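Worksheet: one structure, shown below.
The values are calculated or read from the model by the stated rules, or taken from the named source; none is laboratory data. Keep in mind that this is a model prediction, so the values were computed, not measured. Quick reminder, even Gly has a Cβ in these numbers, built from the backbone with ideal geometry, and neighbours come from all protein chains shown. Heavy atoms of the whole protein, side chains included, go into the accessibility calculation; ligands, DNA and RNA do not. Shrake-Rupley method; radii C 1.70, N 1.55, O 1.52, S 1.80 Å.
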Amino acid sequence: YDAYSTDQWQEQENEANAMQQRFLGGIAAISLLVGGIGIMNIMLVSVTERTREIGIRKALGAKKRDIKPQFVIEAMTTSLIGGIFGIVFGVLGASAAGKLLSMQASPSLSSIIISVGISGGIGVLFGYLPAKKAANLNPIDALRHDLGNIYLKGNTI
């Protein structure tokens with residue numbers, strides 16, 4: 001015979017819940033990393049496509065402190081929009097699952113606020129490198145960036 005007390009059952013239940021939370025936390029961390037890398041790639045492409053614009057701004061007197069916040073804010077906005085979509089779909093999914101399982105499933109206001117904060121933080125963190133790259137561009141090189149593809153009367157500039 002095996003005898004188990006309610007304390008042992010409770011301890012096993014707590015261990016199972018802790019393991020599940022670690023597993024889901026790991027999945028969330030990987031998702032945030034992948035999303036951050038995606039935002040960084042989008043911003044690097046944006047910097048590359050707007051090299052000439054950055055060169056013109058720097059030639060007209062824009063400083064690093066003028067250009068860097070523009071790209072960091074753009075990355076943060078992109079991340080926040082994605083985070084808001086994720087929160088909306090998460091709330092709708094939790095409500096639908098709760099109705100199917102005859103349970104109450106609604107996220108707390110604090111978890112939503114924390115999610116928005118983390119989403120914005122990911123945008124700032126992963127948008128900093130492209131913003132720094134944009135701010136450090138040499139204006140002369142930036143203005144020459146697209147000139148290799150322009151033709152005037154058959155002559156390459």
Exercise for review: Of the conditions (1) open to solvent by less than 90 Å² (accessible area, probe 1.4 Å); (2) of a type outside the set (Lys, Arg); (3) more than 18 Å from Ile67 (Cβ to Cβ), Val45 clears all except one; give me its number.
Suggested key: (3)
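Considering only segment 98-107, state which residues are open to solvent by 80 Å² or more (accessible area, probe 1.4 Å) and not hydroxyl-bearing (Ser, Thr, Tyr).
Keep residues of segment 98-107 that are open to solvent by 80 Å² or more (accessible area, probe 1.4 Å), which gives 99-104, 106.
Scanning segment 98-107 gives Lys99, Leu100, Leu101, Met103, Gln104.
From the list Ser110, Ser115, Ser95, pick out the single residue that is open to solvent by less than 60 Å² (accessible area, probe 1.4 Å) and either under 21 Å from the mean Cα position of the chain (by Cα) or among the basic types (Lys, Arg) (or both). Outline the logic, then answer.
On the way: Ser110 fails: open to solvent by less than 60 Å² (accessible area, probe 1.4 Å); Ser95 fails: either under 21 Å from the mean Cα position of the chain (by Cα) or among the basic types (Lys, Arg) (or both).
Just a single option satisfies the conditions, and that option is Ser115.
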Point to revise | Residues within segment 59-85 that are more than 11 Å from the chain's Cα centre (by Cα), surrounded by 18 or more Cβ atoms within 10 Å (Cβ to Cβ) and more than 14 Å from Lys132 (Cα to Cα), tallied | key: 0
Exercise for review: Would you mind telling me which numbered condition in (1) in contact (Cβ under 8 Å) with a residue 40 or more places away in the chain; (2) out of contact with any His (no Cβ under 9 Å at 6 or more places or on another chain); (3) not hydrophobic (A, V, I, L, M, F, W, C) Asn41 fails?
Suggested key: (1)
Study note, to complete from the structure: Quick count over segment 4-16, residues being surrounded by fewer than 10 Cβ atoms within 10 Å (Cβ to Cβ) and modelled with pLDDT of 90 or more, is 0
